[in-house]
Amino acid sequence: MTKKKTTKWAHKDLLGLEELSREDIELILDTAVSFREILDRKIKKVPALRGKTVVNLFYEPSTRTRVSFEVAAKRLSADVINIAVESSSVRKGETLNDTGKNIEALKADIIILRHNCSGAATMLARNVNISVINAGDGWHEHPTQALLDMFTLRQKTGKLEGLNVSIVGDIAHSRVARSNIWGLTKFGANVTVCAPRILIPPGIEKMGVRVTDDIDEALKESDAVNVLRMQFERDDSKAFPSQLEYFKNFGITEERIEKARKGIIVMHPGPINRGVEISSGIADGENSVILEQVTNGIAVRMAVLFWVSQAKDKDIKNEITY
Amino acid sequence: MKLLIKNGHMVDPANKIDGIADILVENGKIAKVGKDINTAAETVIDASGKIVIPGIVDMHVHLREPGREDKETVASGTKAAAKGGVTSVLAMPNTLPSLDSQDIIRTLRDIINKTANIDVFICGAITIGREGKALTNAAMLKKEGITALSDDGSSVDSDELMLKALKAAKKENLLVICHSEDKALAAKGVVNMGFTSTRLGLRGISKESEYERIARDIKLAEEAGAAAHIAHVSTLEGVEIIRKARKKGFKVTAETAPHYFSLSDEDLLDYNTNMKVNPPLRTKDDVLAIKEGLKDGTIDIIASDHAPHTESEKEIEFERAEFGSIGLETELSVVITELAGTGLLTWNDIVKKISLNPAKALNIDKGTLGQGKDADITIISPDKEWVVKKSDLVSKSRNSAFLGRKLKGVVEYTLCKGKVVYKA
């Protein structure tokens with residue numbers, strides 16, 4: 001394993017990429033390179049987390065992220081427990097903090113939290129001493145998705161600095177977009193967000209990105225495009241464009257990729273909606289790295305689990321004076 | 001029963017006093033004010049080095065009684081008030097049930113008579129159940145002793161109904177306190193709309209939802225010729241609209257709360273639900289505009305908007321947590337730290353904004369230390385510092401936006417009608 005001598009991981013939790021340094025992210029990506037190799041071995045298991053208990057606490061339906069974390073934890077020899085919570089009835093039953101404290105009392109070591117409320121992981125991390133990994137909170141952050149996107153980009157292009165990356169889709173409601181922006185800009189990548197104006201959240205330029213609603217213009221100089229899943233079924237979607245209109249104006253199609261920079265990398269966090277935000281031909285075509293992202297996701301999550309479990313700062317963090 | 005306060009620096013703008021003076025209190029009233037009073041008194045308080053002001057009149061307080069005694073009661077809320085140097089509060093009507101009938105106001109008055117530690121004035125509801133559908137009977141409520149009308153927490157959406165309400169209030173010589181918020185525009189938001197809402201991934205509340213409704217409320221009040229008061233102003237545009245109305249000669253009063261000139265939306269980056277308030281903390285530009293409005297007199301009143309909530313309503317996911325911060329115990333110190341300490345306002349200005357002006361707006365005989373007035377007196381160590389800690393708060397709820405903050409200015413004594421209701 002390639003450990004950087006100068007870098008020390010100092011975070012009990014992984015809540016978002018906003019608060020990580022470039023060095024923190026590099027450490028995870030470098031570690032993931034080693035773990036990625038393990039996945040191609042015949043025996044895909046190392047003992048790094050033997051004796052540790054990892055709890056997948058999911059308040060939102062998610063198959064791929066949960067399975068990816070489960071596989072990652074098992075490859076590291078951890079014991080994994082899955083808890084799916086119906087959170088449709090707000091304020092009924094146990095609070096998130098109480099659930100977290102119970103999991104802590106069961107002597108688990110890491111909670112992986114997926115929650116529909118922004119800031120849920122931040123709050124839980126403040127209230128338990130064990131580690132919390134954010135597997136997506138509301139519209140806020142989805143750090144491991146961005147890390148695996150960055151890992152895949154680095155794997156394909158060799159570097160992130162100076163890379164032109166477009167993120168296309170519902171930026172306003174996307175935690176994937178936010179985490180990617182925080183992460184990529186820390187490495188000096190040039191990030192463009194592209195969506196109908198109604199799906200661009202206010203003040204996003206302050207995160208260091210360029211904004212456009214012209215997809216062809218966005219793709220022209222892009223080395224990679226990250227296509228977000230469109231959710232037309234949202235409750236506040238009345239102002240959204242129609243599905244057909246969206247595909248016509250923003251869909252990633254053969255014609256558009258034809259006009260784009262040669263060899264443009266097409267990414268998607270999944271699950272894909274064929275014919276909604278991306279055409280089948282492109283999703284399955286030679287520019288697509290969508291399935292590689294899935295494999296890389298395991299390696300990146302192994303790296304995150306590894307470093308978080310090594311965290312030495314449990315007693316320093318979140319000391320509140322009042 | 002006599003009480004003598006010696007050698008304090010007395011600030012009483014109503015009587016143009018700003019200097020060392022003694023105050024003699026007799027039978028709950030101010031008996032005499034002057035230099036070197038040497039009358040024998042049962043109690044003598046040495047106030048040298050201290051500031052002595054008319055007790056604070058906080059015209060925006062949620063005491064939660066009746067109905068939500070788990071959050072606060074008249075007893076606990078007025079105890080917190082006394083600790084904060086507050087001697088009069090206006091109790092807001094969003095109780096359970098709301099203060100919309102003679103019966104419920106009589107019930108509250110009984111509770112106040114039995115349990116309050118300071119003077120409590122009552123704000124009746126504008127509409128039944130604060131639902132914005134049918135007006136309460138302002139004349140009958142006034143007979144039960146209400147001091148003002150408000151649907152605080154909600155705005156009366158219908159222009160027609162609001163105009164009727166203002167006209168009815170005018171007839172009864174009652175102040176209408178406007179919670180100027182267009183809920184449709186606020187669109188289920190939880191923080192100020194802008195970079196902060198984007199960064200935190202939370203629904204934003206636009207500034208228009210406040211200032212467009214302020215403009216409407218002022219326009220309707222002018223049309224009715226009624227006395228209107230704009231509660232908790234938080235936006236730059238809101239300040240400008242009020243400034244213009246006043247320049248035109250319309251006597252609208254306006255209040256802001258300490259958190260709107262001391263905190264901005266950038267302070268809630270760790271999803272601290274105690275800073276989830278309504279209206280939301282705005283940008284730094286808005287904070288500057290609020291301060292400017294306080295300085296030039298556009299905002300003539302500071303009130304706490306004391307909004308207690310239980311831990312189980314606050315220590316949860318940000319978007320599910322209740323709006324509001326308690327403020328009675330910190331308001332004076334935040335004012336001193338942010339406004340006096342920085343030289344933005346003189347003590348004379350401050351006393352006007354926290355005592356005299358709210359008393360005038362409510363048309364109550366408070367806010368001065370003139371001879372014959374109620375001896376509501378707050379004695380302050382202006383330079384002493386303290387840190388806001390949960391364990392020191394006496395309010396029933398602990399949801400203070402200022403937890404962990406170091407503030408300047410400590411209340412040493414609070415007297416209400418001559419009685420010492422708090423002593424540090």
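Results, tabulated for the structure shown:
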item	result
Considering only chain A, percent of DSSP beta bridges that pair antiparallel, nearest 5	5
Net charge of neighbours whose Cβ lies under 10 Å from the Cβ of residue B:306, counting Lys and Arg as +1 and Asp and Glu as -1	-4
Candidates B:40, B:168, B:254, ranked by Gaussian network fluctuation over chain B, Cα under 10 Å, top entry	B:40
Relative intensity, log₁₀ I(q)/I(0), of the protein assembly as shown from a Debye sum that treats every alpha carbon as a point, q = 0.06, 0.08 Å⁻¹	-0.44, -0.73
Dipole magnitude (debye, nearest 20) for chain A, charges at Cβ of Lys, Arg, Asp, Glu	1160
Share, in percent, of DSSP beta bridges within chain B that are antiparallel, nearest 5	50
The stretch B:368-385 - phi-based ³J(HN,Hα) in whole Hz, Karplus 6.51/-1.76/1.60, Gly and Pro as x	9, 10, x, 4, x, 7, 4, 7, 9, 9, 10, 10, 10, 8, x, 9, 5, 9
Theoretical ellipticity at 222 nm over chain A - DSSP helices of four or more residues, -39500 (n - 2.57) apiece, nearest 500	-11000 deg cm²/dmol
Amide N proximity, the stretch B:394-424 versus residue B:344 label position 7 Å along Cα-to-Cβ, cut-off under 19 Å	B:401-403, B:405-410
Estimated FRET transfer efficiency (residue B:383, residue B:102; beta-carbon r; R0 60 Å; 0.05)	0.80
Extension gain (nm, one decimal) between residue B:157 and residue B:115, 0.36 nm per residue minus Cα-Cα	11.6 nm
Only Lys, Arg (+1) and Asp, Glu (-1) charged, at Cβ; the stretch B:51-199 dipole about Cα centre in debye	140
Rounded to 5, the percent of DSSP beta bridges in the protein assembly as shown classed as antiparallel	35
Charge dipole (the protein assembly as shown, unit charges on Cβ, about Cα centre) - positive-most of B:111, A:47, B:346	A:47
Top of B:38, B:27, B:348 by mean-square fluctuation, Gaussian network on chain B, Cα under 10 Å	B:38
Nearest-ten-degree value, helix A:290-310 long axis tilted from longest Cα axis of chain A	30
Size of charge dipole - the stretch B:1-133 - debye, nearest 20, with Cβ of Lys, Arg +1 and Asp, Glu -1, no other charges	40
Chain A: most fluctuating residue of A:137, A:98, A:213 per GNM, C-alpha cutoff 10 Å	A:98
Reach of residue B:366 by Cα under 14 Å, taken over aspartates and glutamates that are not fewer than 8 positions away in the same chain	B:12, B:58, B:119, B:374, B:376
Long-range amide H partners of residue B:10 with built H, under 5 Å	B:19, B:20, B:21, B:52
Angstrom value of the Kirkwood radius, inverse mean 1/r, which spans all Cα pairs in the stretch B:1-125	16.3
Residue order, fewest to most surrounding Cβ atoms within 10 angstrom, among A:101, B:284	B:284, A:101
222 nm mean residue ellipticity, helices alone, for chain B (DSSP H n ≥ 4; -39,500 (n - 2.57); rounded to 500)	-7500 deg cm²/dmol
Largest-first principal axis extents of the Cα set of chain A (Å)	54, 46, 38
Between the stretch A:116-146 and the stretch B:338-397, the Cα center-to-center distance that results, in Å	42
Ranking of B:26, A:221 by count of other Cβ atoms within 10 Å, fewest first	A:221, B:26
Using alpha-carbon coordinates, inclination of helix B:236-247 to the longest axis of chain B, degrees	70
Positive-pole candidate from B:55, B:31, B:17, dipole of the stretch B:4-157, charges at beta carbon	B:31
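Each value in this text was obtained by applying a stated rule to the coordinates, not by laboratory testing. Small disclaimer: the values here were computed from a predicted structure and weren't measured. Cβ: placed from backbone, ideal geometry, glycine included. Neighbour counts: every protein chain shown.
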